[in-house]
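Notes follow the structure.
The values are calculated or read from the model by the stated rules, or taken from the named source; none is laboratory data. The model shown is predicted, which means the values in this text are computed figures rather than measured ones. Note that we place each Cβ from the backbone using ideal geometry, even for glycine, and neighbour counts take in every protein chain shown. The area values use the complete protein model at the heavy-atom level, side chains included, leaving out ligands, DNA and RNA. Shrake-Rupley method; radii C 1.70, N 1.55, O 1.52, S 1.80 Å.
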Amino acid sequence: MWELDNKKYFFLLLVVAVLVLLFIADVLWKKRKQKDFATEKAIEKLAPNRSKNKSIIKASLYLVALTAIVIGLVNPKIGTRVVTVKRQGVDIVFTLDVSKSMLAQDMAPDRLSKMKQLVSQIINSLGPDRVGIVGYAGSAFPMLPITTDHYAAKMYLQSMNTDMVSSQGTAFEDAINVASNYYDNPRTSKVMILISDGEDHGEEMDSAITIAKEKGIKIITIGVGTEKGAPIPIRTANGLEYKKDWDNQIVTTKLVPATLQHIAKATGGKYYYGSNTQEIVDLIKSDLNKIEKTDFESQQIAEFQSQFQWFLGLAFILLFIDLFILERKTLWMKKMNLFNEKE
């Protein structure tokens, strides 16, 4: 088995080809000029030590050395053995609140943006763990199946908004149930990271928590918003307005940490207040490091060893030899008579 590491350097062989053509053109031009100057016998008498073939030898050494350098830059690799690589990690499902209350601006720039920032930074800190995303408001929906593709996870994360669910509210029961069905391997360690302002408008949340516990899912909850609360901005044709209740009073949405603390405690997880992004990332990373990692993927790969050093070594040897080859005839070369030159 073999592969080429940097194929882009093959274009340099065109430079070598051009140099070959230039050298051939130079040799033909010199021969033509020599014929115009004098006959072959006259030139032999005028320059008896002139070698007709040394220039060809030297040029050939240069061109072969350049070719070897180019191949060295391409770096051919030869596979020596096939090894099995196992990936160990934790299955993590991010369960994210996309209800209208997440538009409140009591966390800059708003709760939704803060949640995206938190999740993105947590994903950046992960190792080979698998991740999935569930969105929820009045109902829950699968956003991204569990995967090792962290780039795709962040791409889907950025596309989430409060218009994705027509039924508004915050139904933790449905969110936990949908997220609990994400885990496709019963042997892996399972973590759910649920982020919300804690306002629960659903029922039977405890039954969903029980199901999560039975499946061995530890739920870490993160609260966004403030207990003081803030109004919910709504963009209309007339500009920015705020959501109002049936009495035409502006609705204030508040962080309810008690709900999130209850979910975390019931499943052996922890609750964190999400004001400081880096602090939350460090705490969750620490929590995940304490969880037993399990094998969830293995694949066979070929180990390749670079061979560029042989070609660079050949180029060095050829250029070194070239230093000792003179343009004129030498006694030892004359005795070898490599080119059957007549005395």
Inset, instruction - Would you please give the residues with an amide H less than 5 Å from that of Lys243, counting only those at least 5 places away or on a separate chain, with H modeled from the backbone geometry? - result: Ile232, Ile234, Val251
Legend entry - Per-residue ³J(HN,Hα) for the stretch 264-275, Karplus 6.51 cos²θ - 1.76 cosθ + 1.60, θ = phi - 60°, Hz, x for Gly and Pro: 5, 5, 5, 10, x, x, 9, 10, 10, 8, x, 7
Inset, instruction - Would you please give the residues with an amide H less than 5 Å from that of Tyr272, counting only those at least 5 places away or on a separate chain, with H modeled from the backbone geometry? - result: Thr221, Ile222, Gly223
Legend entry - Loop-located trypsin sites (Lys or Arg not before Pro) in the stretch 195-242 whose Cβ has at most 14 other Cβ within 10 Å (DSSP): Lys215, Lys228
Inset, instruction - Can you tell me which of 149-159, 95-105 comes out highest on packing, and rank the rest after it, using the mean Cβ neighbours within 10 Å? - result: 95-105, 149-159
Inset, instruction - Treating only the Cβ atoms of Lys and Arg (+1) and Asp and Glu (-1) as charged, compute the dipole magnitude of the stretch 121-264 about its Cα centre; round to the nearest 20 debye. - result: 520 debye
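Contour minus end-to-end for Asn289 and Ser120, with contour as 0.36 nm per residue of separation and end-to-end as the Cα-Cα distance?
59.0 nm
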Legend entry - Integer Hz, Karplus 6.51/-1.76/1.60 couplings in order for the stretch 232-240, x for Gly and Pro: 9, x, 10, 7, 10, 5, 8, x, 8
Legend entry - Contour minus Cα-Cα distance for Ala25 and Asn185 (0.36 nm per residue): 50.6 nm
Inset, instruction - Multiply the residue gap between Glu227 and Ala258 by 0.36 nm, knock off their C-alpha separation, and tell me the result in nm, one decimal place. - result: 10.1 nm
Legend entry - Rounded accessible area of Tyr9 (nearest 10 Å², 1.4 Å probe): 70 Å²
Legend entry - Amide H within-cut-off set for Thr147, under 5 Å, with H built and near neighbours excluded: Val131, Gly132
Inset, instruction - With all distinct Cα pairs included, what does the Kirkwood hydrodynamic radius of the stretch 163-291 come out to in Å, to one decimal, could you say? - result: 16.3 Å
Inset, instruction - State the dimensionless ratio Rg/Rh of the stretch 99-196 (Rg: radius of gyration of Cα atoms; Rh: Kirkwood radius). - result: 0.95
